[in-house]
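Input: a single structure, listed below in structure tokens.
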Amino acid sequence: MAKDEAGSGIPCCRRGHQSHPDLPKPPSWLHRWQPLPKVLGLMALMAAFASVRSLTLLPLIWALVAGLWSLSGLPCSLIAPQRCRDGLKRLAAPGLLVAGLMGILPFWAGETLLWRWGSLALRWEGLEMALRIGGRGLALFALTMLLLETTPMLELLAALRQLGIPDLLLELAWLTQRYLQEMAAQWEQMQRAARLRGWRPRGSLWRPGPALRQDLPFLAASVGTLLVRSYERSQRVYQALRLRGYGRAPLFPTAASRDPYSWAATALAVATAVLLRNADAALN
Amino acid sequence: MNPVPAVEVSQLWAAYPGYPPVLQGLDLRVEVGQHLGVIGPNGAGKTTLFLTLCGLLPPCSGQVSLFGQPLRPGQFCPQVGLVFQDPNDQLFAPSVAEDVAFGLRNLACPEGEIAAAVRAALHLTGTLHLADRPPHHLSGGEKRMVAIAGILAMKPQLVLYDEPTANLDLRARRRLIVFLQQATHTFLLASHDLELILEVCDQVVLLDQGRIWAQGSPAHLMGQADLMEAHGLEVPPSLRR
């Protein structure tokens, strides 16, 4: 994974910035779709996906997602094993919850028996619910990925500003994602320094016990130091921003989007979303 | 001598909340166009002086005037730029060009002018080729020059450089020296890199315990071994005989 020249140790793909720097930036159709119409179009699709109840529409949803993905020109390596592992590590807790829910629902919810083995009974309603939750969730996740990977962060925030999201919230979001990565890099650096002086993690948050209790003083001291450092850094960043007139102009300048093709694409997305809603209503 | 100095400080006392004063009755005059070096041991008050001069730290007492106008602490003062010791404190935008444009947007410049000014500032600092790169991916030297470009784009009349060569390799340091030698703006430069001061400054002040102890030409002042040693400094190698 690419690292910066200054050796800050933050993998490029984990930083907040324009779409993946280590990926080629093809001028794909989805990249050219202007941010504001793109956000509106994809949001309409997301709303439609989230409200679909019929299982028969799930393949259609996934065909739409696959079509959009191929139009984006993004490589499949985004969902390749290494990236999956990285992503899953970060999504471990919520991922486990969803996976657990999907695993339990077919055996717990509903009354229509499909198969029984002893006290274990597979039920149709539970299975349907699990497929619906999993299928829609993954489709929504894929659309979010598409939006984030094909839109520079600053333009995305500017588009959200045009949709009426307050400046303060957007600035907070931008600076938070920017400096969370800095904090993560500092945390890694502190751990590396501690390892070089002989420290080895003995426990894990996943396996609380005496070993973790031995680590706690070090972890507590590290987190404390990190917070103090981050506070000091935030003060210096704020000073630097103030010196350049922070607050006198919006951080995310907006420009009117007049590309007719972009608006046509949005209209198409909205029409698809409406069709999906109607089809779902008809099927139910 | 220009009748209106760039900086005029008299009897300046400054302190951080809850701590004893760092600057203790400091007097200083900097002429327009002057390149003034500020030397002194750690804790002498160099960074505090800079924070006070750009209005970030309100003084406890004393007078500070910039270009004949009294400084109003806490107010946006675009004629003064501060280049921080750590460029990571300054760079936050997703691209170099966006970062350099940040100050200009706050000055309400038209977009056309902003684009031209960003290009000019990047060209001046030799970083035009980095315009589209995310600042956090740059090397230490590149970050430093981009941070300087972000300040210069606003066309300040006075720039304060706090330890500009910290963490720079020889090549990046040399590039910075050449840039500072050619600079036409008034600047104050605080550094422990005495050879840098010798190369780019026409005057130097020795700051210690919040006061100025000596002022003069860099070669003359920094060549005085007794004075330097009395304030925890050394004569730079190029001045040793």
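The values are calculated or read from the model by the stated rules, or taken from the named source; none is laboratory data. Worth saying up front: this structure is predicted, and the values here are computed from it rather than measured. Cβ placement follows ideal geometry from the backbone for every residue including glycine, while neighbour counts extend to all protein chains displayed. To get the accessible areas, we keep the full protein, side chains included, count just its heavy atoms, and leave off ligands, DNA and RNA. Shrake-Rupley method; radii C 1.70, N 1.55, O 1.52, S 1.80 Å.
If you restrict to DSSP beta bridges whose two residues both lie in the protein assembly as shown, what percentage is antiparallel, to the nearest 5?
Bridges in the protein assembly as shown that DSSP calls antiparallel: roughly 60 percent.
Counting only Cα atoms, I'd like the Rg/Rh figure for region B:1-90, Kirkwood definition for Rh.
Reported Rg/Rh (Cα atoms, Kirkwood Rh): 0.95.
Quick one: what are the phi-derived ³J(HN,Hα) couplings along region A:277-284, Karplus 6.51/-1.76/1.60 with θ = phi - 60°, whole Hz, x for glycine and proline?
My calculation for region A:277-284 gives 4, 5, 4, 5, 4, 5, 6, 9 Hz in order.
Can you list the residues of region A:244-271 whose accessible area drops by at least 40 Å² going from the chain on its own to the full set of protein chains, with a 1.4 Å probe?
A:244, A:248, A:249, A:251, A:253
How large is the translational diffusion coefficient of region B:31-140 in µm² per second when you combine the Kirkwood radius over alpha carbon pairs with Stokes-Einstein at 4 °C and 1.567 mPa s?
The Stokes-Einstein estimate is 79 µm²/s.
For region B:94-133, list whatever residues lose no less than 30 Å² of accessible surface once every protein chain is in place, relative to that chain by itself, with the probe at 1.4 Å.
Residues shielded by partner chains are B:94, B:102, B:105, B:106.
If amide H atoms are built 1.01 Å from N in the plane of the peptide, which residues on other chains or at least 5 residues away come under 5 Å of the amide H of residue B:214?
B:206
At 1.4 Å probe size, with the rest of the protein present, what percent of the exposed accessible area of the protein assembly as shown is carbon and sulfur atoms?
Reported share for carbon and sulfur atoms: 61 percent.
Take residue A:235 and residue A:249, extend 7 Å from each Cα along the Cα→Cβ direction, and tell me the distance between the two endpoints in nm.
The two pseudo-label positions are separated by 3.0 nm.
Specify the inter-centroid distance of region B:176-241 and region A:238-270, based on alpha-carbon positions, in whole Å.
Measuring centre to centre over Cα atoms gives 46 Å.
Using the Cα gyration tensor of region B:131-187, with a ≥ b ≥ c the square roots of its eigenvalues, what is the shape: rounded (a/c below 1.5), prolate (a/b larger than b/c) or oblate (neither)?
oblate
Quick one: which residues, 5 or more positions from residue A:114 or on another chain, have an amide H under 5 Å from its amide H? H modelled 1.01 Å from N in the peptide plane, none for Pro or chain starts.
Correct list: A:122, A:123, A:124.
State the dimensionless ratio Rg/Rh of the protein assembly as shown (Rg: radius of gyration of Cα atoms; Rh: Kirkwood radius).
Radius of gyration over Kirkwood radius for the protein assembly as shown works out to 1.07.
Can you figure out the FRET efficiency of residue A:168 with residue B:61, using R₀ = 35 Å and their beta-carbon distance, to the nearest 0.05?
For residue A:168 and residue B:61, the calculated efficiency is 0.45.
At a probe of 1.4 Å, how much accessible area disappears from chains A and B on forming the pair, both sides counted, to the nearest 100 Å²?
2900 Å²
Using r as the Cβ-Cβ distance of residue A:279 and residue B:185, and R0 as 60 Å, what FRET efficiency do you calculate, to the nearest 0.05?
According to the calculation, E is roughly 0.35.
Per residue, how much accessible area does the protein assembly as shown have with a 1.4 Å probe, in Å²?
50 Å²
Spin-label point model (7 Å from Cα, Cβ direction): what's the residue A:197 to residue A:63 distance in nm?
6.2 nm
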